[in-house]
Amino acid sequence: MSKIWNNNKRLITIENIQQLVIGSFLIAHKYTGDHTYKNKYWAQALGISIETINSWESDILKTVNFEIFVDSEVYYEIEDIFRNRCDNEVKLSMGCITN
């Protein structure tokens, strides 16, 4: 997602965020896993057509020029962003902080 954002911020919209999150997850799952599920499984599990899943995956890969490797420094920066956001959401839900 960060590569898409860095290439062209206008490509990420409220209308396509679901496509980007699911597609990015599937690509990451395939890239890092030795035994992965086929797109047909994900399509059935998510209630989305196989053609749609394939299209999302293809569109994302083309957008990042098939460069899906993320070096460890970038990975840890992104992980920190998510971890801090999640920590803040938990604190907010517990009344520890206010918005």
Subset of the stretch 42-86 [modelled with pLDDT of 90 or more and among the hydroxyl-bearing types (Ser, Thr, Tyr)]:
Ser49, Thr52, Ser55, Ser58
State whether one or more residues within the stretch 22-41 are surrounded by 12 or more Cβ atoms within 10 Å (Cβ to Cβ), charged (D, E, K, R), modelled with pLDDT of 85 or more and in contact with a helix residue (DSSP H, G or I) (Cβ under 9 Å, 6 or more places away or on another chain).
yes
If you go through Glu51, Glu67, Glu73, the only one that is under 26 Å from Glu15 (Cα atoms), in a helix (DSSP H, G or I) and either of a type outside the set (Phe, Trp, Tyr) or in contact with a helix residue (DSSP H, G or I) (Cβ under 6 Å, 6 or more places away or on another chain) (or both) is Glu51
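The values are calculated or read from the model by the stated rules, or taken from the named source; none is laboratory data. All figures in this text were calculated on a predicted structure; none of them were measured in a lab. Virtual Cβ from ideal backbone geometry, glycine too; neighbours counted across all protein chains shown.
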